[in-house]
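The next block holds one structure in the form of structure tokens; read it before the comments.
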Amino acid sequence: VLHGASAEDIERLVTNKLEEHLANLSDLDKLTSTSRDGISIITAQFNASADLEKSIQKLKDEVSKAKVELPAEAKDPSVTDVNFVDQPVQIISITADLPFAAFAQLGDELKNELQTVSGVARVEVSGVRNREIDVVVRKEDLARYGISLSQVVAAVASANASLPVGSVTVDNISYNIAFEGSLDSIADIGATAVLSVGGHAVYLRDIADVSDGVEKATSYSRVSIAGAPSEQALTLAIFKVRGQDVTSTTKAVKAKLDSLKSTLLVGSTVLITFDTGDQVRTDLSELTKTGLETMLLVMLALFATIGWREAIIAGLSIPLSFVIAFVGLWYSGNTFNFVSLFSLILAIGILVDSGIVVVEAIHTRIRKFGDRKAAAFEALREYGWPLIGGTMTTVAVFVPLFFISGIVGKFIASIPFTLIFVLLASIVVALGFVPLLTIIFSKSDKHTPLLEKQEEYAEKARTWYAEKLHAFFANRKWQNRFLWGMVLAFVLSLSLPIIGVVKVTFFPQDDSDFLYVDIELPTGTPLQSTDIAARAVEESLYGVKNVDSLITTVGNTSSFGNDPQADARFANITINLSKKRSKD
């Protein structure tokens, strides 16, 4: 930071000097910088294979070396680790009809309360104007007493300083003594002695007007709920402890806010605009729903073709496989996140295959041998190695994902971990648990009415399929058409992404409960003008269908963008959509 410097001076005097020292860092992948009025921001991105702790330490060392080349008026540069794990897990907006100073005090008290919640690492408060005591010195009184402005500043600074002043020994025990200076009120500041004239002290109140107020606004924050006019708001960003379960942390924060509604939050409105815990719970619910639907469909298919006992046994292979896979994920240090949840949903359709094959094989051999144990052994002897081989070939498809380098490789590493653990768990369940369950619950009775009906329809299906297959193999012309059709379909499928018919994205877009609008005005636009522009956009959204609430921040871009920035010319509006909304 170099106060008062233009963007051009910041680039020449600060940014370029630092970049010269940082450009040759080992394992550096990319160096980007932004020079704005009064501040320089440099981002160093290292290779994914780099030792992060050593790289950051080298970065700090180079920044320390560059300090001597920076202007003397510049503040010491600081180095901060940008970790995407350290993103807020909750963003909470509080509206209340309070004066600015009281509103800022409410933010501080809420911050202190929420930081006591288990799992919360820190709480950041924004959108408030803190208390500020203004001292307006009267020029004529300075001249009358012969006092300079620097003497006034030094007197206030000295009175507000906390310094060690020595020690005193009492009864052979030494006690440290410190002077605690704290100017918290108008009276205290006004009573600060500036100078002694003729044996009489000249106090600050004698030469200046001291008043209570708030600091100059650098940002505005407000909330509109259900199309109502917006109200002033403060924003709380909740950060969790690394490794802490996000669902339990966010749930505990909500419980704490509920308990404060009868004390600190009386007359206030609480709006949780972003909640990672809710998103994770929604994803888990979707996974559970998908798993149950898969189990139901598998059981219905097997019930129609084999029997209800076999249907239940095959359906149980899904939760059993998940339990074993979760143990593997825990042991390997993986966590539940949206990537691993995506992998689990993908794996559901794969993991039931082996269980279905084993159940059907044992069922067929029970009718043949009449003995459930002998049928299970025969099925395992015949299908065991083919199933293991088939599963291993599927596992082999995902192993190369471990060798993807760079940031993308680190990002998707949980996909092969999750899929491989689930696939290995499925073969363990199919060859270990399913035969045991089949032996216990299956029956060798071959003459139940349901079984006879199933056999009747299965035989009709086999006969129909055999007739079609024989007709196909007897017709060379149809065989050639089929082969050429397969080749054509293969070539066409490969060409679809090349010619742009099928779009290529890293992850497909999903429906979201939020929309983010960033507003940027020309450089130099004052905060008040940006606020007027933001209000115009905000008011155009009042009463819009499917909009539940609006959160407006003037002085910043959205914190969820690629490059969050703070400047008077920026504003952003977070649009919270209704949970039950139409697509139009």
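The values are calculated or read from the model by the stated rules, or taken from the named source; none is laboratory data. Note that the structure is a prediction, hence the values are computed from the model and not measured. A quick note on method: Cβ atoms are made from the backbone with ideal geometry, for glycine too, and the neighbour counts reach across all protein chains shown. The protein model used for the area step is the full one, side chains on, heavy atoms only, and it has no ligands, DNA or RNA in it. Shrake-Rupley method; radii C 1.70, N 1.55, O 1.52, S 1.80 Å.
Of note:
- Residues satisfying the stated conditions in segment 461-488, i.e. surrounded by 10 or more Cβ atoms within 10 Å (Cβ to Cβ) and small (G, A, S): A461, A466, A471, G485
- Options L302, L292; residue that is over 18 Å from the mean Cα position of the chain (by Cα), more than 30 Å from G107 (Cα to Cα) and open to solvent by 60 Å² or more (accessible area, probe 1.4 Å): L292
- Checked against (1) within 29 Å of the chain's Cα centre (by Cα); (2) surrounded by fewer than 19 Cβ atoms within 10 Å (Cβ to Cβ); (3) modelled with pLDDT of 85 or more, I238 passes all but condition (2).
- Per-region count, segment 500-558, residues out of contact with any Asp or Glu (no Cβ under 6 Å at 6 or more places or on another chain) and within 30 Å of A5 (Cβ to Cβ): 20
One line per residue, one yes/no per condition, for (1) at pLDDT 85 or above; (2) not hydroxyl-bearing (S, T, Y):
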residue	(1), (2)
T116	yes, no
I133	no, yes
V136	yes, yes
S158	no, no
V165	no, yes
I173	no, yes
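- Close pairs from segment 200-228: first free of Cβ contacts under 8 Å to residues at least 60 places away in the same chain, partner open to solvent by 50 Å² or more (accessible area, probe 1.4 Å) and part of a helix (DSSP H, G or I), Cβ under 8 Å, at least 6 apart: V202/Y145
- Applying the criterion of being in contact (Cβ under 8 Å) with a residue 40 or more places away in the chain and not basic (K, R) to the residues of segment 6-33, the residue that is farthest from A66 (Cα to Cα) is L13.
- Check on D81, under 30 Å from A252 (Cα atoms), of a type in the set (D, E, K, R) and out of contact with any strand residue (DSSP E or B) (no Cβ under 9 Å at 6 or more places or on another chain): yes
- Count of segment 287-301 residues which are closer than 26 Å to V253 by Cβ and modelled with pLDDT of 80 or more: 0
- The single residue among L316, L302 that is free of Cβ contacts under 8 Å to residues at least 60 places away in the same chain and within 25 Å of A374 (Cα to Cα) turns out to be L302.
- Taken as a whole, segment 287-303 holds no residue that is in a helix (DSSP H, G or I), of a type in the set (S, T, N, Q) and under 18 Å from I551 (Cβ atoms).
- Helices (runs of 4 or more DSSP H) within segment 385-475 that include 2 or more residues over 29 Å from the mean Cα position of the chain (by Cα) and farther than 20 Å from A304 by Cα: 414-428, 434-441, 449-473
- Any chance A208 is at pLDDT 85 or above and among the small types (G, A, S): yes
- Qualifying residue in segment 223-233 (condition: surrounded by 14 or more Cβ atoms within 10 Å (Cβ to Cβ), in a loop (DSSP other than H, G, I, E, B) and under 27 Å from the mean Cα position of the chain (by Cα)): no
- The set of residues from segment 346-374 being touching a residue at least 60 places away in the same chain (Cβ under 8 Å), assigned to a helix (DSSP H, G or I) and more than 41 Å from the chain's Cα centre (by Cα) comprises V358, V359, I362, H363, I366, R367, R372, K373.
- L387 vs. criteria at pLDDT 90 or above, surrounded by 19 or more Cβ atoms within 10 Å (Cβ to Cβ) and of a type in the set (A, V, I, L, M): yes
Rundown of residues vs (1) among the aliphatic types (A, V, I, L, M); (2) at pLDDT 85 or above, yes/no style:
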| residue | (1), (2) |
| --- | --- |
| L2 | yes, yes |
| E11 | no, yes |
| T15 | no, yes |
| E19 | no, yes |
| T34 | no, yes |
| G38 | no, no |
| I41 | yes, yes |
| Q45 | no, yes |
| S49 | no, no |
